[in-house]
1. Scan the stretch 376-396 and report the pairs whose first residue is farther than 17 Å from ARG409 by Cβ and whose second residue is hydrophobic (A, V, I, L, M, F, W, C) and not in a helix (DSSP H, G or I), with Cβ atoms within less than 8 Å and a gap of 6+ or a chain change.
2. Does the stretch 482-489 contain any residue that is within 24 Å of HIS611 (Cβ to Cβ) and hydroxyl-bearing (Ser, Thr, Tyr)?
3. Any idea how many residues of the stretch 215-265 are out of contact with any helix residue (DSSP H, G or I) (no Cβ under 8 Å at 6 or more places or on another chain), closer than 17 Å to GLY79 by Cβ and either modelled with pLDDT of 85 or more or not in a loop (DSSP other than H, G, I, E, B) (or both)?
4. Can you give me the number of residues within the stretch 474-498 that are within 17 Å of SER529 (Cα to Cα) and either open to solvent by 40 Å² or more (accessible area, probe 1.4 Å) or part of a loop (DSSP other than H, G, I, E, B) (or both)?
5. Scan PHE337, PHE326 and give me the residue that is in a loop (DSSP other than H, G, I, E, B), open to solvent by less than 10 Å² (accessible area, probe 1.4 Å) and in contact with a helix residue (DSSP H, G or I) (Cβ under 9 Å, 6 or more places away or on another chain).
6. Quick check: is even one residue across the stretch 150-160 touching a His at 6+ places or on another chain (Cβ under 6 Å) and either β-branched (Val, Ile, Thr) or outside any strand (DSSP E or B) (or both)?
7. Among the residues of the stretch 74-112, which ones are of a type in the set (Val, Ile, Thr) and either touching a strand residue (DSSP E or B) at 6+ places or on another chain (Cβ under 8 Å) or in contact (Cβ under 8 Å) with a residue 40 or more places away in the chain (or both)?
8. Out of everything in the stretch 193-211 that is farther than 21 Å from PHE130 by Cβ and not polar (S, T, N, Q), what residue ends up being surrounded by the most Cβ atoms within 10 Å (Cβ to Cβ)?
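The values are calculated or read from the model by the stated rules, or taken from the named source; none is laboratory data. On a predicted model such as this, the values are computed, not experimentally measured, just so you know. A quick note on method: Cβ atoms are made from the backbone with ideal geometry, for glycine too, and the neighbour counts reach across all protein chains shown. Each accessible area value is taken on the protein alone, full model and side chains, heavy atoms only, with ligands, DNA and RNA left out. Shrake-Rupley method; radii C 1.70, N 1.55, O 1.52, S 1.80 Å.
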Amino acid sequence: MLSVTLCMSLAITLCFSTSIATALSEENLDKFAANNIMFYDPEDDNCKTNSSLVGMNITYIGDSLSEQVYGDMQAAYPGIDGEDKELDGTTYKLILHSKKFTDGSGDNHDGITIAAKLVEKMLMREFLIFALGTNLPSTVTNTALENLVTTVGDKTKILLVTPYKLNSPSDYTSAAERMRSFAATKGNVTVADWAAMASSDQDRYINNSDGLGVHLSPDGVTAFVDMLKTAMTNSWGGDGNGGSTATAGDNKNYDGQAVWTDSELQTIESQKAVYEAAAQKYGLKWQTLATLHSAEYGLRKSNPSNGQGLYQLYSYTGGGSNSNAFLPAGPITDEEFARQTDIAASVVVNMINSYGLDPQSDEGVKSLFFHYNGTASQYKNKALAMGFSQEEANWGEGSAYVMNRFDARRDPAHTETMDPNWPGRFVADGVYDSSSVSMNFGTFVKYAAIGGTSATGSSCSNTSNDLAGYILRYAWPEHHDAPYTDRMPDYADVVAERSSTGRGYIGGSVNGVPGIDCGGFVSTLLNESGFDPDYNTGSGYMSSVTYGQMPYIKDHPDQWEMVNSDWNSPISDEAQLTPGDVAFTHCSSTYLSNCGHTYVYAGTIEGFGSHIASASYSSTGDTYARAPMAGTEAIIKDGNGNPVRWFHKK
């Protein structure tokens, strides 16, 4: 996964990571800010990443020495990327014997050429191991080193590996010294000094059976891997074993203490699909639901005796006494677990809407947890006594349920640094003990520890892709009469990339312009936004016509459901729809049969002139051909009086 920084224009700047991102054109910046949509701004100093040093954030480019160690690096950093890439019809081998730093030839592209291609295709990750120079070390010039940094950008952290050959020929020692000197002048470049390590015991580390004097013995492999791990850990943080320190999702609090037990993490993993399904349906992060389930009933799948269920929904169940009560007590089925999680997600969303919270910001999440537990005045007063502002008190900085063990001031495990005002919590309904403390981690700390946001309270967090943002990037905000085949630049780019890589369906071409197609636009939008990465993909789908998308809906009832009460009845009101719902029209009378047109419900997006986003194909290149844009399609019934069939992602 490519790790980049994205920002939202709010009172504070929020940042998060995503797998696909490009800088926004100037014309879209105001629209994204107006709609509170995250956007990529590589020049914003308020959005510096604090990414975990984990495999999915590391790219590895190397030669035959790297071929020897790559398996061990994969074990140490699962998800590290040194894999071959098929790009624009050409294979780029990131790790291959005889690979050079620069001046490559033939199919064995040099390292800088590969780095440039990865950057072009947005595949370069935040950390780059660049283990080249053994082959033709004279190419490791200051110009080549500068070229590498220019190519990947100064926000990519580069690890250079100094080359070594038996008995230290001068061209190897010169290349190693140039690397060391260059790294000393660059804040984003560091060195793993293999030349120094190997020369200290070359007979032990070098296997010269092939007479080349560069390849590794078994001890050399171990030493090389340990050297890489140590260099990355010392320069970029981490635990030297594929982990990270005090960053989002590393299961650590500010003090480096494990927040979740191994058993809890295993339980979360086994139940994650249920959290994710409900979270996606309601536009939440799955970590929110997992955290609440843990805080309220210890991740158990068994109804408590009070009737309030796994998420302790007091109001919803009337304190466990109304018809919504979750009874009887005792173990429940997986289906009931999913049902209760879905209900909890809907309750959370209602709370977010009622209090005007932003569930993507740290403050919004804290406030959500605070409201969920009860915004007691004792906790607000405690926050004020500790020096927090009224606003901070209102979002829960004084609540142990939310913030316990978040920092040294609020950590009862360290009484020497704990603020004297921190003790005090409700130990039972209506019973407040002013001296009581808990060793449990607060919900915000637990949420951060499984990747919900930064555990250090910074304004950077992870989030899902934003459908509204992709609509603004891919579709013209106003309607144009057909024929109209000019495409938004971002849509043209992603269509070209999908076409060259075979990543997904793009639809037909009109007068040589690809992607002018209703089904191609819907597939591209849902895939690339992450709303449904698998939509219309896989064996049997990716049809050349929209007809092929209805079978995908039909074959995935676990993911998609019909909004209409039945095939021949229209929806009663637009309020039944949510952004991302997919429409089909010009269908046969048979349920889930062939349909000729499809489009997406966009909802209200400031700066976008319709609740519909659509495109249209025409084999003759006129009459109907429209690039993606604000659509005028029907919501209830089409022009022939037939119902529009709507489907909702569960």
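1. ALA376/PHE426; GLN378/PHE426
2. Among the residues of the stretch 482-489, at least one is within 24 Å of HIS611 (Cβ to Cβ) and hydroxyl-bearing (Ser, Thr, Tyr), which makes the answer yes.
3. Looking only at that region, the number is 2.
4. Within the stretch 474-498, residues that are within 17 Å of SER529 (Cα to Cα) and either open to solvent by 40 Å² or more (accessible area, probe 1.4 Å) or part of a loop (DSSP other than H, G, I, E, B) (or both) number 6.
5. Values: PHE337 fails: in a loop (DSSP other than H, G, I, E, B).
Within the list PHE337, PHE326, the selection yields PHE326.
6. no
7. Going through the stretch 74-112, the residues of a type in the set (Val, Ile, Thr) turn out to be 80, 90-91, 95, 102, 112.
Within the stretch 74-112, ILE80, THR91, ILE95, THR102 meet the criteria.
8. Out of the qualifying residues, it is ILE206.
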